Structure formats: C-alpha cells, structure tokens
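Reviewing the structure listed below.
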Protein chains: 2
Amino acid sequence: MALEHAILVSLLEQPGSGYELARRFERSIGYFWTATHQQIYRVLKRMESDGLLDVRDVPQERRPDKKEYSVAGPGRSALSAWLHEPIEPESLRHDLAVKIRGAAFDDPAALLHEVERHHRVHSDRLAHYLAGEIRDFTGPGAPVPLDAGQELQHVVLRGGIAYERMTVAWLDDVLATLHRLGAAGPRA
Amino acid sequence: MALEHAILVSLLEQPGSGYELARRFERSIGYFWTATHQQIYRVLKRMESDGLLDVRDVPQERRPDKKEYSVAGPGRSALSAWLHEPIEPESLRHDLAVKIRGAAFDDPAALLHEVERHHRVHSDRLAHYLAGEIRDFTGPGAPVPLDAGQELQHVVLRGGIAYERMTVAWLDDVLATLHRLGAAGPRA
DNA sequence: TCGTTCTATGCAACTGGTTGCATAGCAAGC
DNA sequence: GCTTGCTATGCAACCAGTTGCATAGAACGA
C-alpha cells in the first residue's frame, strides 16, 4: 500500500497531524497521490499501533488540540525497504477516455461541455503548479542552491507540470476532433 | 463504477466473451483502463443479471465453449446516461513520484535502476502505441476516411501516445537529476 | 505419457478506498 | 442568540479491485 509510504515521506519532510496531512494531500503530495481525511486517520492509527509512527498530543489555544505524528525508527526502515524493492509501472484509470470512445455510440457533440470543463480544471492546475514552481524553486525568494530534497521535490513537480501541459494539449486535440465530427453531423 | 462503462463501450465496439474482454484490457482499452479477468467475469455476471447485457452460449471446436456477451437495450441506456453526467477530473496515483521524493531520506542513486526500468517500460509502450497508430489509423492499410468511431479511437490513442512521450521525457529529467545528485554525493 | 501452453470460466478471502454520518471547540458576523 | 465556517478527529457500511487458487478441454512437443 503506497498511502503508507506517501505518509512516511510527508511526515519525514515535516511532522504533522492527520488534519495537516489531509491538507497536504490536497496540495503538494496530492499532485501524485490522493487520500481523504477518513482514510488518513485510519491509516495513521494503524501505523502508530504498528510502531511505524510516534504520536504526541499537542494542546493548542484558539483551536482544538491535535495529535502530531512523526516517523519512528521502524517507519524509516519500512520506507527504506520499500524504496529498494521494484514497483509496477503505474497504469491509468482515465474515465474521460472511456467516455470519448463511448461517444461514438451517442452524440459526440454532447461531450463538448464535459471536455471543456476538464480543460479548465487542468489549465487551473497547471497555472497553480507553475506558480508553486516559481515560489519554491525558481523565483527570487527560492533557496539557492537547492538541497537534494528540494531538487527531488522540484523534479516531481516538473512531472506534474509536464502532465498537466500534456493533458491540456490533448484536450485541445479532443475538442478539435469533436468539433470536426460535429460539423460532419451526428451518427449512431 | 467505470469498469461497467468500459465494458459497455468495448462490447458495443465488438461483442465478445469475458476472456476476449480480458485480452482487450491488456491492449486497446488497457491504454486507459485496467482490469483482471476475475474482475471482468464477476462484473459481466452482475451486468447480465441486471439486464444490461445479453449472453449467448457459443460452442466452439478445438477449444472450450464460450459465452458471448453483447449490450442489451438497458445497457445502452445506462451508458448514454453516464455519458451525459459529469465526472470528476481524474487524479493520479503515481508510486514512482512518492519514491523519488522519499529518496531524499535514503540514497537517491539507489533509485537509478528502478527509474531506468520504468523508462524502458514506457518507451516500449510508446513504440507499441505508435505501431498501432500506423496500423489502424495512419498507415497505408488504414481505412480512408475514418468514421466517427475510428476518429474517436484515434484521438484516445493520441492521448496515450502523448502520455507515454511525456513520461519518457520526464523520466529522462529524473535520471539527469539523480545523476547530478549522485555526483554531488549522497546525503541524509 | 508427461509437462507446458493457450483458451475459457470461476470462487473466496482480503485490502484499499469511498461515502455518509457524527462530534466538538472556537471565531466571526448577522 | 444563531448560523456559518474552520480546525480537528473519528466510526460504520459499503464498494471496487487484488491475490491466490481451482477447474477443464485441447494442442504441442519432449
């Protein structure tokens, strides 16, 4: 299960609570792994009882107390072991592609709005990633030189940027194709 | 559940048995959706009992008999309904990216072989997709002009090609980064 | 004749992930 | 005083997907 490993990496980069982790999974880690808070809390609990994590109760003022998790020795070993074993190259699960092929048996033009919506989402993500790249890695406020951890975070972010750029370009291609088919008239 | 919809699309394109579907999921449909034969058989059974599919026993010579599935009226309606409702833009689950960020807490150079292996897999997929594109859509044996279904299959394949090309380029970037960090020496 | 490979189908147990719901403190604004 | 919203944590039920195993006919080669 890679969620465990994603959590280990995130907590090594910075210890934090379940709530904070959930927010990171909406941001940086979320570029390549997603998880809901329910799942995170459940896995944190299990990892803690497995001895992979340490917990510390942190009383807070002006907001509810929290539990701060950090990586324990066995957690670090588990991560290291995983890093050294091979993993399967990822496989896609792309609903939109299923829809596009399915549109041949419906009205292709009806997909236009859906594709446009996805185009907007991916354009927004791209803009967001690019802003983050400038803020954290290439802009005037960024550390120079970057340490190894930052270099690795940057190359992963470049992957996210490449993915979004590619996706936006492909969605342009899809839109052009749908328009072409629409101009030629619908079919069954 | 999009596996149902992927099966509906695939069976509309061409009726077939669970075994044949499983093989398609290793090929064309597999470019953007994966499924094992166990899962396919189970879902086929449920879809048939839900009235979405028709089954026909096909006795065969020289090999075991098979059950050929095809899409029934309600199946077509279900697909159409799904095509008209919005779906969430897909989110990634990219283990390798987790590993790369995790490498900051281990030896980055140890990831080289893993990344090279993924690079080979994606290069092979790219070559395979490109060969398929020539065979089915752009080569001398391909139909001219393409009908709408073929145009849509082609644009989805172009998406797969773009994805693999982008991934290979990114993995080159990752390799260069790892080499750079390796030359600078490992760290904790 | 025995092992292997390919076609073809399936069950059972498990794990990972999603969805819906619930609780609670505190701040800010109406 | 009431609602809204943010921080913070969690349970329970369900669903989708994976893994391991099993069966069986037929072809093919050692």
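The table below lists the values:
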{"read-out": "Matching residues in the stretch A:123-139 - criterion: being free of Cβ contacts under 8 Å to residues at least 24 places away in the same chain and not in a loop (DSSP other than H, G, I, E, B)", "value": "A:D124, A:A127, A:H128, A:A131, A:I134, A:R135, A:D136, A:F137, A:T138"}
{"read-out": "Test: residue in the stretch A:39-47 that is touching a Leu at 6+ places or on another chain (Cβ under 7 Å), at the interface with chain B (Cβ under 10 Å from one of its Cβ atoms), closer than 14 Å to A:L8 by Cβ and surrounded by 15 or more Cβ atoms within 10 Å (Cβ to Cβ)", "value": "no"}
{"read-out": "Residue list for the stretch B:16-37, restricted to those being modelled with pLDDT of 90 or more and surrounded by fewer than 17 Cβ atoms within 10 Å (Cβ to Cβ)", "value": "B:Y19, B:R23, B:T34, B:T36, B:H37"}
{"read-out": "Residue that is farthest from the other protein chains (Cβ to nearest Cβ), among those in the stretch A:61-98 that are within 16 Å of DNA strand C (Cβ to nearest atom) and in contact with a strand residue (DSSP E or B) (Cβ under 6 Å, 6 or more places away or on another chain)", "value": "A:K66"}
{"read-out": "Subset of the stretch A:130-159 [out of contact with any Ser or Thr (no Cβ under 9 Å at 6 or more places or on another chain), within 19 Å of B:L96 (Cα to Cα) and either more than 10 Å from chain B (Cβ to nearest Cβ) or small (G, A, S) (or both)]", "value": "A:A148, A:G149"}
{"read-out": "Filter result for A:L111 (in contact with a Lys or Arg (Cβ under 8 Å, 6 or more places away or on another chain), outside the structural domain of A:E13 (by TED's automatic domain parsing), in a helix (DSSP H, G or I) and farther than 21 Å from B:I100 by Cα)", "value": "yes"}
{"read-out": "Residue identified as assigned to a helix (DSSP H, G or I) and within 8 Å of another protein chain (Cβ to nearest Cβ) among A:R101, A:R120", "value": "A:R101"}
{"read-out": "Search result, residues across the stretch A:7-28 that are at the interface with chain B (Cβ under 10 Å from one of its Cβ atoms) and away from DNA strand C (no atom under 13 Å from the Cβ)", "value": "A:L8, A:V9, A:S10, A:L12, A:E13, A:S28"}
{"read-out": "Failed condition for B:I7, given (1) under 30 Å from A:E164 (Cβ atoms); (2) at pLDDT below 95", "value": "(2)"}
{"read-out": "Given (1) of a type in the set (D, E, K, R); (2) modelled with pLDDT of 95 or more; (3) under 30 Å from A:E114 (Cβ atoms), index of the condition B:E90 fails", "value": "(2)"}
{"read-out": "Residue match in the stretch A:76-83 (condition: surrounded by fewer than 19 Cβ atoms within 10 Å (Cβ to Cβ) and touching a residue at least 24 places away in the same chain (Cβ under 8 Å))", "value": "yes"}
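For every residue, the table says whether it meets (1) away from DNA strand D (no atom under 11 Å from the Cβ); (2) assigned by TED's automatic domain parsing to the domain that holds B:Y129; (3) in a helix (DSSP H, G or I).
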site: B:R27; (1), (2), (3): yes, no, no
site: B:W33; (1), (2), (3): no, no, no
site: B:Q39; (1), (2), (3): no, no, yes
site: B:V55; (1), (2), (3): yes, no, no
site: B:P64; (1), (2), (3): no, no, no
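Conditions tested, residue by residue: (1) within 20 Å of A:I87 (Cβ to Cβ); (2) hydroxyl-bearing (S, T, Y); (3) in contact (Cβ under 8 Å) with a residue 60 or more places away in the chain.
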{"residue": "A:F25", "(1), (2), (3)": "yes, no, no"}
{"residue": "A:Y31", "(1), (2), (3)": "yes, yes, yes"}
{"residue": "A:V43", "(1), (2), (3)": "yes, no, no"}
{"residue": "A:K67", "(1), (2), (3)": "no, no, no"}
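The values are calculated or read from the model by the stated rules, or taken from the named source; none is laboratory data. Model, not experiment: these values are computed from the prediction. Every residue, glycine as well, gets a Cβ built from its backbone with ideal geometry; the counts of neighbours run over all protein chains shown.
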